[in-house]
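Since the structure comes first, as structure tokens, the remarks are kept for the end.
The values are calculated or read from the model by the stated rules, or taken from the named source; none is laboratory data. Keep in mind that this is a model prediction, so the values were computed, not measured. Neighbour counts run over all protein chains shown; Cβ positions are idealised from the backbone, glycine included. Note: accessible area is taken over every heavy atom of the protein model, side chains too, but ligands, DNA and RNA are not part of it. Shrake-Rupley method; radii C 1.70, N 1.55, O 1.52, S 1.80 Å.
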Amino acid sequence: SFEYRLWVSDIFTRDDFTCQDCGIRGGKLHAHHNIKTFASIVKENNIKSFNESLNCSELWDINNGRTLCVPCHKN
């Protein structure tokens with residue numbers, strides 16, 4: 001969705017495309033919900049559909065995201 005792509009882009013830009021765990025810049029990166037997990041936000045807000053997720057500002061809050069490289073995200 002546009003909202004997800006914007007969330008990811010904003011996090012990568014803020015973090016200067018640098019993994020927040022190991023410090024490697026560039027490469028294959030993931031945006032990771034970090035304070036509250038995606039699943040916990042969906043559960044707490046009783047989100048049952050994609051349209052409901054679009055209205056949940058907590059899902060799209062860049063303060064709850066950070067950039068991780070693939071190996072660090074797997075950990």
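For the range 48-61, filtered to residues that are open to solvent by 50 Å² or more (accessible area, probe 1.4 Å) and part of a helix (DSSP H, G or I), the residue that is nearest to Gly26 (Cα to Cα) is Trp60. Taken over the range 10-42, the residue count meeting the criterion of being among the β-branched types (Val, Ile, Thr) and part of a loop (DSSP other than H, G, I, E, B) is 3.
For the range 32-39, the count of residues that are in contact (Cβ under 8 Å) with a residue 40 or more places away in the chain and surrounded by 16 or more Cβ atoms within 10 Å (Cβ to Cβ) is nonzero.
Of the residues in the range 14-30, at least one is touching a His at 6+ places or on another chain (Cβ under 6 Å) and crowded, with 16+ Cβ neighbours inside 10 Å. Considering the conditions (1) assigned to a loop (DSSP other than H, G, I, E, B); (2) surrounded by 14 or more Cβ atoms within 10 Å (Cβ to Cβ), Trp7 is excluded by exactly one of them, (1).
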